[in-house]
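Visitor: The following block contains the structure, expressed as structure tokens.
The values are calculated or read from the model by the stated rules, or taken from the named source; none is laboratory data. Source: prediction; values computed, not measured. Methodologically, a virtual Cβ is constructed for each residue, glycine included, from the backbone with ideal geometry; neighbour enumeration extends over all protein chains shown. Side chains are part of the model used for accessible areas, which takes the heavy atoms of the whole protein and leaves out ligands, DNA and RNA. Shrake-Rupley method; radii C 1.70, N 1.55, O 1.52, S 1.80 Å.
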Amino acid sequence: MFLTLKAAFDHYLREAFERVVIDNNASEDATVIEVDSVNKHGILLEVVQVLTDMNLVITKAYITSDGGWFMDVFNVVDNDGNKIRDKEVIDCIQRRIETSAGFVSSRRGSVGVMPSEEHTSIELAGTDRPGLLSEVCAVLADLHCNVVNAEVWTHNARAAAVVHVTDYSTGCAIRDPKRLSTIKELLCNVLKGSDDLKTAKTMLSAPGVMHRERRLHQIMFADRDYERVDRAGLRAVEEGSSRPQVTLLNIEKEYTVITMRSKDRPKLLFDIVCTLTDMQYVVFHGMVNTGRMEAYQEFYIRHVDGLPISSEAERVRVIQCLEAAIERRASEGLELELCTEDRLGLLSDITRIFRENSLCIKRALISTKGGKAKDTFYVTDVTGNPVDPKIIDSVRQQIGQTALQVKHSSSLARKPPHQETTKEFPMEWHLTQLPIHL
């Protein structure tokens, strides 16, 4: 009888208080999204993932999930810095958060699972080196695998990629076991082309894959890219004040407080929350505040076992992993955008031209839609320094002046003046400002 009454009361609470409120009047310069829900492990990541996937920029966030309830507020804008005013977009945000947070039923069984019968997913991890992506793309082209979309990250001398391919003749996922075995074997040979002691990894999965960006974090974490290495040729820009500042402090054996300062960029909060979640930490309270150039984040966390960080080794590891999460997606180098007709071997040809002109790809985002390829590459020279403009002119002449456009060079961006950095406020001040509607 007691359990029946408790279940009925819990159902009443969910019906009465679980909701998503999207308000354009609460802030002068941002759309405010409030999410109230029964708390569960991973819900913060699910909500942040929805906002990130919809290309919303989170300028501020207030997080609280103590006492069994999740009550978070996010200030968001679009990529142009404007409020979200399109009613269809607002309705889509609300539906997706409600589905992700479990307000309504969904066919998704876990965070980031995106069923698909259209492609085969290939996951790669190995030592980064100039021309690596070109060699991978050449193998795929020779095997008549068409790359429909992909994302490539490099960090700390390691490289990881999630590549979605189809059979060129059928346009569908590749299912033949012998062919899949051949693809895996040849790609492993490419990744093992260095003298590094770490083992190269190639995985092929059937249709139905995890959220691509979350999976990249997991691949690089498993590859231990957070461990610093001393290697000739790595840029000095990775040292000193340009690196993120991460500090940890325990408070009365209840929480570990993490504070982070770094250059602001899109998807930063997702990368942080993704890493903490996959490391089995829970954010109980937190705030995010972004200035014109800098982001400040403060989280009160515990491990899923209810304990704060208790050892020096664990403290160091968490700091290293958060630094790596911030740095992996940092847009290092010159941004090049390719827009042209898609065809088999296109990516192989483009990356070969980059390699022949001594361009090193630091990060890449590959996509195709409606027969068109739209790819973004971040490139440096082989030593990690800015590329000579004459080389870029030569590359554009070979690929096509209209097809390959230069966007901007983030590595040459001016450092923010001291007065533009975000002010730091005590955590208690932020939490008292959290609007909660009952």
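Visitor: If each Cα of the stretch 18-102 is one equal point scatterer, what is log10 of I(q)/I(0) from the Debye formula at q = 0.25 Å⁻¹?
Guide: Each listed q corresponds, in turn, to -1.33.
Visitor: Hey, which aspartates and glutamates would be in cross-link range of Lys263, C-alpha to C-alpha under 16 Å, not counting anything within fewer than 8 residues on its own chain?
Guide: Glu238, Glu239, Asp271, Glu294, Glu298, Glu323, Glu327, Glu332, Glu420, Glu424
Visitor: What order do you get for 151-164, 258-271 when each peptide is scored by the mean count of other beta carbon atoms within 10 Å, highest first?
Guide: 151-164, 258-271
Visitor: Mind giving me the FRET efficiency for Lys390 and Asn189? R0 is 30 Å, r the Cβ-Cβ distance, nearest 0.05 is fine.
Guide: Working: r = 35 Å, r/R0 = 1.16.
With a Förster radius of 30 Å, E is 0.30.
Visitor: Determine the distance separating the Cα centre of the stretch 326-345 from the Cα centre of the stretch 295-313; give it in Å without decimals.
Guide: What the calculation gives is 35 Å, centre to centre.
Visitor: Between the stretch 118-187 and the stretch 34-88, how many Å separate their Cα centres?
Guide: Here the answer is 33 Å between Cα centres.
Visitor: Using the Karplus curve 6.51 cos²θ - 1.76 cosθ + 1.60 with θ = phi - 60°, what ³J(HN,Hα) values do you get for each residue of the stretch 282-287, in whole Hz, with x for Gly and Pro?
Guide: Using θ = phi - 60°, the values come out as 10, 8, 8, 9, x, 8 Hz.
Visitor: Give me the percent of accessible area attributable to carbon and sulfur for the stretch 18-102, probe 1.4 angstrom. Can you show the working numbers first?
Guide: Numbers: 1510 of 3610 Å².
Here it works out to 42 percent.
Visitor: May I ask you to derive the FRET efficiency for Asp176 and Glu341 from their Cβ-Cβ distance with R0 = 25 Å, giving the value to the nearest 0.05? Show your work: numbers first, answer last.
Guide: Details: r = 28 Å, r/R0 = 1.12.
The pair Asp176/Glu341 has a calculated efficiency of 0.35.
Visitor: Tabulate in residue order the Karplus-calculated ³J(HN,Hα) for the stretch 153-169, using 6.51 cos²θ - 1.76 cosθ + 1.60 with θ = phi - 60°, rounded to whole Hz; enter x for Gly and Pro.
Guide: Listing the rounded values in order: 10, 10, 7, 6, 6, 10, 10, 9, 8, 10, 10, 9, 10, 10, 6, 4, 6 Hz.
Visitor: Quick check for you: with a 1.4 Å probe and neighbouring chains kept, what is the accessible area per residue of the stretch 245-328, in Å²?
Guide: Details: 3360 Å² over 84 residues.
On a per-residue basis, the stretch 245-328 sits at 40 Å².
Visitor: May I ask you to evaluate 6.51 cos²θ - 1.76 cosθ + 1.60, the Karplus curve with θ = phi - 60°, for each residue of the stretch 60-65 and list the ³J(HN,Hα) values in order in whole Hz, giving x for glycine and proline?
Guide: Each residue of the stretch 60-65 in turn: 8, 8, 10, 10, 8, 9 Hz.
Visitor: Of the accessible area of the stretch 245-328, with the probe set at 1.4 angstrom, what percent is carbon plus sulfur? Write out the running numbers ahead of the final one.
Guide: Details: 1780 of 3360 Å².
Percent of accessible area from carbon and sulfur atoms in the stretch 245-328: 53.
Visitor: Of the peptides 305-314, 370-379, 33-42, how do they stack up when ordered by the mean number of other Cβ atoms within 10 Å, highest first? Don't jump to the answer; show the numbers that get you there.
Guide: On the way: 305-314: 12.2, 370-379: 17.1, 33-42: 18.9.
Top to bottom by mean Cβ count within 10 Å: 33-42, 370-379, 305-314.
Visitor: While we're on this one: What accessible area per residue comes out for the stretch 18-102, rounded to a whole number of Å², with a 1.4 Å probe?
Guide: Working: 3610 Å² over 85 residues.
Each residue of the stretch 18-102 exposes 43 Å² on average to a 1.4 Å probe.
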